[in-house]
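Shown next, in C-alpha cells, is the structure this report addresses.
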Amino acid sequence: MSKPKSNYYVTTPIYYVTAKPHVGTLYSTIIADVAARWEKIQGKNIFFLTGTDEHGQKIEQAALKAGKDPKTFVDSFISSYKDMWKAYELDYTHFIRTTDEYHVKAVQEIISRLIKQGDIYKSHYKGWYCTPDETFVAEASDNDTQAPPCPQCNRQTIAMSEESYFFKLSAYQDRLLKFYEEHPAWTSPKERIAEVKSFVSSGLKDLSISRTSVTWGIPFPGDPKHVVYVWIDALANYLTGVGYLSHARDTEFDQWWPVDLQILGKDIVRFHAVYWPAILMALNLPISKRLLVHGWITVDDKKMSKSFGNAIDPEILLKAYGPEPVRYYLMRQIPVNQDGNFSFSDLEHRVGADLADSLGNLLNRMVSLAHQHNVTELTAQKKWSPKSAELHEQAQKCIEQYCILMDASLYHQALGVLWTFISHVNGYFHAQEPWRIVKTDKEAFIEILSATAHSLRIIALLLWPVLPKKMEELLFALGFKILNNENMIKDLVSEKWDHEFVLRKIDVLFIKPEAGVYESIMKEKMSEKEEKKDETSAISTISIEDLSKIYLAVGTITDCQIVEKSDKLYKLTVDLGVLGNRTILAGVRNSFDAHDLIGKQGVFVTNLAPRKLMGVESQGMMLIAQDESGKLQLVSPGSAVPNGTRLR
Ligand code: MSP
C-alpha cells in the first residue's frame, strides 16, 4: 500500500524537557502548524507530529539537580507543553514522548534489524564530548592535550572513552552525496545543503550510537549496559510516531511515510541532513521529502535561550497579546530562513498597525457603515466599475504570489504580499468614500461594500493558517465558513466575484496592545512570586514540644460521599486503625473523583478540634499538596503502612 497523494505529514523537532516550553520551541511548532493548516485548507489530510525528547544525559542531570527521578521529572513538564500548544492553537495530531512504550519497543527493533544486517557493530570510542549538546564533537587522539570548545555552543568539552556500538555511517557517504546532488531543493533554504555536502565530502566516520556512561535511555537490545544514543532514539520518533514497527498501527505507517515536511532549527541540521537520511537508507525507507531549516530568534543578536538569560516567556506573551497576534508576529517578523530579532516594540507595532488598524478596522468600518444604512445582505454583483475591477485584479495577483511564497515556506514574504493587498483594499474603500456616495447612489454604495467584502473573504481564507480563529470570526462577519477543499486556491484565483454576503457585526477582531504590557504582567508575576517567598520567610520556627502537639496519623479512606450543599466538599470515612473510624471533610472535589480516593491511604491531623461544616461534623483534617498546575495531590506514605501509624 502506498501513501495517498492527499495525505500530508509534517513534523517538528521533539523538545528536550528540562523546562517549560520557550519561544524558540514555540516558534518551531508554530511554523509546523501554519504549514499543516496551509495544506489542510487545500483539502489534504494532515498528520502533524510533535512531542518531547526525554532520554539522555542532559535530562538525567537536570532531574538529579531537581532531586527527582528522570521519569517523574519529565512527566512534570508534559502538561505545560500540551496546554501551551493548545493555547496557541497548535493543532497537532499526535504528541509523542520518547518514553512511550511503543516508541521504546520500535527503537529496539530498529537497532536489532541494523545489527542483523551488519550496519551496527561494537567497538571503542574515544572523543571530546559536549554534555549540554549530548554529542561527541570530535574524536580524541593520544596527542591531544587540551579539550576543544564545542563548535555548536562554544562550551567546554570533556574527554570520554567508552565501549560503544557504531552505525556504519561511512558506508553511506557516496549515497548521501548522490542524494544531495539529485535533490538540490531538499532543504529550504537551499544554501543549507552546501554546508551539509561539504561536511559529508570531507569524509564520514562511523557514528557512535550507544552509551555506557548514561543510564537514562532505551536499553540496547541484547546488551543492557548500553543505552541507545539519544539522537538515534529521538530521530526515530518521526517513524514511530506514525506507527512504524508497531504491529497495531502498521498500515497507518504506509499512509503517511515518507514525511512531507520536517521543521527544524539551524542548530540541528547535521543530525537531520546527514545521520537521519543515512538511517533511512539503512532501513530501506524513502527519505523525507523536504527539510525546512529555520533560523534563530535572537535578542540583541544573541540566540534567545534560558541559559543566556534573555528568554521570553510564552505564557506571558499569551496573556499580553493573545495567541494569534503572537503567531502572526513570529511568522511575519522573523524571516523563516534567517535569524530574526525579537522586539516588543516591533510586536506591539505589528499588532496595532497591521492587525488592528489595517485589517480589523477595515472590516469593522465596512460592516458598521452597511448596518448604519440598513444593509445586512449583499446579493451577487452583476457588473463592476473600473476601480473595483482593478481591485479584483490586484486580488488575483496577490493570491498567485501568496501561494507561490507559502508553498516555498517563505511565510514572512507571503504575509508581506498579503498586507500590500490589504492596504490596496483600504485605499480603495477610502478613495470611494462610500459614506458620501450612499447619499446619492445606493447601487454604487452596495458595489463598494461588495468589492470590499470579496477582498476580505479572500484575505481571511489565505490568512487562516496563521490566524485561524480570528479569520473564522472574520468569515462569520461576512456570512461564510472556512472551506477545506483541494480546489480552494484555484477557485479563489479564477472566481468571478459573484458571492452573496450576510454582513454581521462582531466584536472588535484585534485590540491594540498597550505599550509595555508584557513588562507589567511580568512584574506582577514576579511580585506574586516575591509574595509567596515572603509568606514562607514569615513563618516562624516552632519548638519540638509544639510539633508533638500535632497527632498526624496514616489512615485509609473507606468511603467518600458528596456533601450536597457544597460544591467542593467530600465527606470521607477514614479508617485510622487504633484511633477508630472518623468522618473527615475535605474540600478536594475539583481535583478528585470519589473513586480516586476510596482505598487510598492519606495523612490526617487527628487531634484537631471537631468542626461543623454544612451540617456535618469533621473529626480531623486530611493533608494535601498543590502541584504546579493547581491540582491537589494526596499526601501518602511511599508504601502501605498499618492504619493509625503515627507520623514522627
Ligand atoms: N531534542 C532535540 C531535537 C531532536 S529532533 C529529533 C532538540 N531539542 S531543543 O528543545 O533543544 O530544540 C528544539 C528546537 O527548538 C530546535 O529546532 C531549535 O532550533 C529550536 N530553538 C530553540 N531555541 C531557539 C531560538 N532561540 N530560536 C529559534 N528556534 C530555536 O534540539
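Summary table below
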quantity	calculated
Test for ARG211: is it away from the ligand (no atom under 12 Å from the Cβ), of a type in the set (Lys, Arg) and crowded, with 21+ Cβ neighbours inside 10 Å	yes
Test: residue in the range 316-330 that is of a type in the set (Ser, Thr, Tyr), surrounded by fewer than 16 Cβ atoms within 10 Å (Cβ to Cβ) and more than 16 Å from the ligand (Cβ to nearest atom)	no
Criterion: under 20 Å from ALA248 (Cα atoms) and either within 13 Å of the ligand (Cβ to nearest atom) or among the charged types (D, E, K, R) (or both) - qualifying residue of GLU39, GLU101	GLU101
Verdict on THR93 being within 14 Å of the ligand (Cβ to nearest atom) and in contact (Cβ under 8 Å) with a residue 24 or more places away in the chain	no
The range 615-648: number of residues that are over 21 Å from THR558 (Cβ atoms), of a type outside the set (D, E, K, R) and more than 35 Å from the chain's Cα centre (by Cα)	1
Some residue of the range 167-181 being within 16 Å of the ligand (Cβ to nearest atom) and touching a residue at least 12 places away in the same chain (Cβ under 8 Å)	yes
Evaluation of ALA185 against (1) more than 16 Å from the ligand (Cβ to nearest atom); (2) out of contact with any Ser or Thr (no Cβ under 9 Å at 6 or more places or on another chain); (3) assigned to a helix (DSSP H, G or I); (4) aliphatic (A, V, I, L, M) (one fails), failing number	(3)
Of all residues making up the range 42-62, the number that are surrounded by 23 or more Cβ atoms within 10 Å (Cβ to Cβ) and either within 11 Å of the ligand (Cβ to nearest atom) or among the polar types (S, T, N, Q) (or both)	9
Given (1) near the ligand (Cβ under 8 Å from one of its atoms); (2) within 19 Å of the chain's Cα centre (by Cα); (3) at pLDDT 95 or above, index of the condition ASP267 fails	(3)
Subset of the range 275-312 that is among the β-branched types (Val, Ile, Thr) and crowded, with 21+ Cβ neighbours inside 10 Å - its residue that is farthest from the ligand (Cβ to nearest atom)	ILE279
Residues located in the range 138-168, provided they are under 31 Å from the mean Cα position of the chain (by Cα) and among the polar types (S, T, N, Q)	GLN152, ASN154, GLN156, THR157
Some residue of the range 98-115 being of a type in the set (Lys, Arg) and out of contact with any Leu (no Cβ under 9 Å at 6 or more places or on another chain)	no
Residue list for the range 234-256, filter: closer than 20 Å to ASN284 by Cβ and within 16 Å of the ligand (Cβ to nearest atom)	LEU235, ALA236, ASN237, TYR238, LEU239, THR240, GLY241, VAL242, TYR244
Filtered residue count, the range 479-492, keeping only those that are surrounded by 15 or more Cβ atoms within 10 Å (Cβ to Cβ) and not in a loop (DSSP other than H, G, I, E, B)	3
In the range 429-441, residue nearest to TRP38 (Cα to Cα) [restricted to those that are in contact (Cβ under 8 Å) with a residue 24 or more places away in the chain and surrounded by fewer than 20 Cβ atoms within 10 Å (Cβ to Cβ)]	ALA431
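A quick yes/no check of all residues on (1) part of a helix (DSSP H, G or I); (2) touching a helix residue (DSSP H, G or I) at 6+ places or on another chain (Cβ under 8 Å):
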| site | (1), (2) |
| --- | --- |
| LEU355 | yes, yes |
| SER358 | yes, yes |
| LEU362 | yes, yes |
| VAL367 | yes, yes |
| ALA380 | no, no |
| ALA389 | yes, no |
| GLU393 | yes, no |
| GLN396 | yes, yes |
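Residues checked against (1) within 15 Å of the ligand (Cβ to nearest atom); (2) buried (at least 21 other Cβ atoms within 10 Å of the Cβ); (3) modelled with pLDDT under 95; (4) closer than 16 Å to LEU261 by Cα:
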position	(1), (2), (3), (4)
LYS3	no, no, yes, yes
PRO13	yes, yes, no, yes
LYS20	yes, no, yes, no
LEU26	yes, yes, no, no
ILE30	yes, yes, no, yes
ALA35	yes, yes, no, yes
ILE78	yes, no, no, no
LYS86	no, no, no, no
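The values are calculated or read from the model by the stated rules, or taken from the named source; none is laboratory data. Keep in mind it's a predicted model, so treat the numbers as computed, not measured. Please note: Cβ atoms are built from the backbone with ideal geometry, for glycine as well, and neighbour counts cover all protein chains shown.
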